[in-house]
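Down below is the structure, laid out as structure tokens.
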Amino acid sequence: MHAMQYEITLPADYDMEIIRERVATRGHLLDAFPGLGLKAYLVREREAGSPVNQYAPFYLWAAPEGMNAFLWGPGFQGIVNDFGRPVVQHWTGLAYEEGPAAASAPGTATRRRTPLGEAVAPGEAVAEAVARHAREARRDGVVASALAVDPRHWELLTFTLWAGAGGGGGRGGGGGGVAPFVLE
């Protein structure tokens, strides 16, 4: 499993309805994309208290072949054509859990980055993180949660989708298939 996200920071006065329309009209094109396990179209909005307007899709891929086919194909080229080529962050997947609210539509997403300290053996740190992730994914309001690692920077990534608009300390509404995105 591989996690992938790119962030497109938009002007302060950008009409975020353009992003909602984009998701509503194009998002379904990836529904049956080979190797794609999960996609979440995320936004951060100044209007909702974020310091920036941002479009930040997040994807979980079963294997790198699917991720590569997307990045080198027409789907990502559409992003490049419309917004320029963003930096694509990617992580090696460690765990995926569906939570108690798995049947609910996600309304908020959180992304938490945690450095792996140099004093802890990587294997021990990852095993502990996987066990903690399984427990945390059982919290009320969790739709799904993924845990991944960036071995270049020795950083854990926890990405969680929450039911409703306020789960996990999130802010804002959403709608149109776009979830507010909150950094923890």
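Scanning region 7-40 for residues that are of a type in the set (A, V, I, L, M), in contact (Cβ under 8 Å) with a residue 40 or more places away in the chain, open to solvent by 30 Å² or more (accessible area, probe 1.4 Å) and under 20 Å from P106 (Cβ atoms) returns A24, L29.
When residues in region 72-90 are screened for being under 17 Å from the mean Cα position of the chain (by Cα) and either more than 18 Å from L42 (Cα to Cα) or of a type in the set (S, T, N, Q) (or both), 1 of them pass. Of the strands (runs of 3 or more DSSP E) lying entirely inside region 47-140, the ones with 1 or more residues being open to solvent by less than 70 Å² (accessible area, probe 1.4 Å) and of a type in the set (D, E, K, R) are found at 88-98, 106-115.
The values are calculated or read from the model by the stated rules, or taken from the named source; none is laboratory data. In this text the structure is predicted, and so the values were computed from the model without any measurement. When we count neighbours, we look across all protein chains shown, and the Cβ atoms used for this are built from the backbone with ideal geometry, even at glycine. Quick note on the areas: whole protein, heavy atoms, side chains included, nothing else; ligands and nucleic acids left out. Shrake-Rupley method; radii C 1.70, N 1.55, O 1.52, S 1.80 Å.
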